[in-house]
Amino acid sequence: MGLAATFRLLRAGFILAREGALSVIDPKALPPVMKTGVRLGRLLERRSVKKRGPVENLRHALYALGPTYVKIGQTLATRPDIVGADVAAHLALLQDKMEPFDFALVPGLLSEALHERAADLTEISPPIAAASIAQVHRAVLMTDGLRKDVAVKILRPGIKARFRADLEAQYAGAALAERWAPGLRRLRPTDVVKTLDRSARLELDLRLEAASISEMAENIKEDDGFIIPEVSWDHTAETVLTTSWVDGIPIRDVEAIDAAGLDRKELARILLQSFLRHAVRDGFFHADMHQGNLFADRHGKGIIAVDFGIMGRITRKERRFLADILYGFITRDYRMIAQRHFDIGYVPRHQSVDDFALALRSIGEPLQGRTATDISMAKVLGQLFATTELFDMQTRPELVLLQKSMVLVEGVSRMLDPQLNIWTVAEPVVGDFVRREAGPIGRIEDLRDHANVALDTIGRLPGLVTRAEAALDDYDTEKRSPQRKTTRRLLIAAFWLLALIAAALIVQTFR
């Protein structure tokens, strides 16, 4: 571990201790060396942190450490299996509210990224939103004499180098934790850092965000109620993203929504059903739908979403699994839910389907007939993780981000309509998908998938045959050589020698 990485780790540890973040750790679960470290670290806490809760302290510490650590918090919010459902729910509230960088740098950054196209962007406003990776400005795009209001997202100067340095320190810290605290290996700290690393690499290229907007626009072009901005590709680069300006009421401003005469119950329905439609039908969904990224259209056309830096994707197999699970909870068919876990291979075959169904009933029955106000999704997720762990089900990384996103969407929906019944609103979307998959169209798509696999296999056969013939030619040539006979004798002798040694060990064992 280099000197710079060591210094960054020490600095991070000091800030975490000073801000009281170590209070979220249960010392009983730690080895003696780490217990001592946590106790010593808590001696550095500032007096003011005593007034806040442990998770609130952690959030303040992450903000103090800067953008990379805010991203760590957001990543851990997707891993309730590691930090616990309660901590994950609190970390999900981390919204990238950072100090903006110097506005005087903006013209130079635009010119560097867009070259002569930068001149098309005029009347650039001061930053209207500043996050850990980038900030957003309002501007006017002048093309062919036409004015168009746009949003311009610009990466922070030096953010890539900052992330690389911080990630180097985090990799080093994760390696130390795995080496000196074996009990933490099951939490896979290095894998957590790798997840953050991959997420950061994707978010640090704004062309990929533009591509996500484009793909989602294709998916929802026939849908009503869910609005996303349009990309100006001529004014988009690795460090700059330009989209159409969307004018809406912040979803958190309930009073303004009411004053505009908008139907909050309808907005809640649109939001929840749109998210489920994107996940279940398309397998591609906005994975950061917190209140800061959502607006209500002023003209009553529905929900507006922005910031597509974090997207989720699940395969058709996982979409069918998800739909079956949700539909099973809606219809109270717990044995079907349990069977689907076994069918897809998430729960080992040696477990009991009936026992698993009984455990799922203990989760699902308390939800029936309840409104969103009565349901704590953090508690439900915590119980679900505990139950699946009891039945040897490993956490599915492809579903964790989806589960975290569902919690965010339900939270916003609950704010808009406290009486919302999540399951009743979900049934039209999930039920239609389940019925479609079970019907002729679903069967045809299954046959198409199998046919594609078969055709792909057939297409590779000539190459496999060619390689097999070459291997046989080599074998025949080697077989005819004197050296081949010698090698064969040596292998046979080695085999019998190992067999004799094994027999001797067995005899010795049972004496």
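The values are calculated or read from the model by the stated rules, or taken from the named source; none is laboratory data. Just so it is clear, the structure is predicted and the values come from calculations on it, not from any experiment. Note: ideal-geometry Cβ built from the backbone for every residue, glycine included; neighbour counts use all protein chains shown.
Odds and ends about this structure:
- Within region 357-377, none of the residues are at pLDDT 90 or above and acidic (Asp, Glu).
- Hits in region 404-418 - residues which are surrounded by fewer than 18 Cβ atoms within 10 Å (Cβ to Cβ) and in contact (Cβ under 8 Å) with a residue 60 or more places away in the chain: MET415
- Residue match in region 127-144 (condition: on the phi > 0 side of the Ramachandran plot and either not assigned by TED's automatic domain parsing to the domain that holds GLU389 or not acidic (Asp, Glu) (or both)): yes
- Unique residue being more than 30 Å from SER111 (Cβ to Cβ), at pLDDT below 95 and not polar (S, T, N, Q) when the list is GLU266, GLU218, GLU222: GLU222
- Residue in region 67-79 that is at pLDDT 90 or above and farther than 20 Å from LEU206 by Cβ present: no
- Filtered residues of region 112-132 (kept if under 33 Å from the mean Cα position of the chain (by Cα), over 14 Å from ASP102 (Cα atoms) and assigned to a loop (DSSP other than H, G, I, E, B)): SER132
- Options GLU123, GLU45; residue that is at pLDDT 80 or above, touching a Gly at 6+ places or on another chain (Cβ under 8 Å) and over 19 Å from LEU204 (Cβ atoms): GLU45
- Flag if LEU241 is crowded, with 21+ Cβ neighbours inside 10 Å and in the same structural domain as ILE133 (by TED's automatic domain parsing): yes
- Screening LEU262 with (1) crowded, with 17+ Cβ neighbours inside 10 Å; (2) outside any loop (DSSP other than H, G, I, E, B); (3) of a type in the set (A, V, I, L, M) gives one miss only, at (2).
- Scanning region 272-319 for residues that are surrounded by fewer than 20 Cβ atoms within 10 Å (Cβ to Cβ) and in a helix (DSSP H, G or I) yields ARG281, ASP282, GLN291, GLY292, ARG316, LYS317, GLU318, ARG319.
- Residue count, region 96-120 (criterion: in contact with a Leu (Cβ under 7 Å, 6 or more places away or on another chain) and aliphatic (A, V, I, L, M)): 2
- Filter pass, ARG117 being touching a residue at least 24 places away in the same chain (Cβ under 8 Å), of a type in the set (D, E, K, R), touching a Pro at 6+ places or on another chain (Cβ under 9 Å) and in the same structural domain as THR242 (by TED's automatic domain parsing): no
- Residues in region 128-144 that are out of contact with any Ser or Thr (no Cβ under 9 Å at 6 or more places or on another chain) and at pLDDT 85 or above: ILE128, ALA129, ALA130, ILE133, GLN135, VAL136, ASP144.
- Taking the criterion of being at pLDDT 90 or above and of a type in the set (Lys, Arg), the only residue of region 325-356 that qualifies is ARG335.
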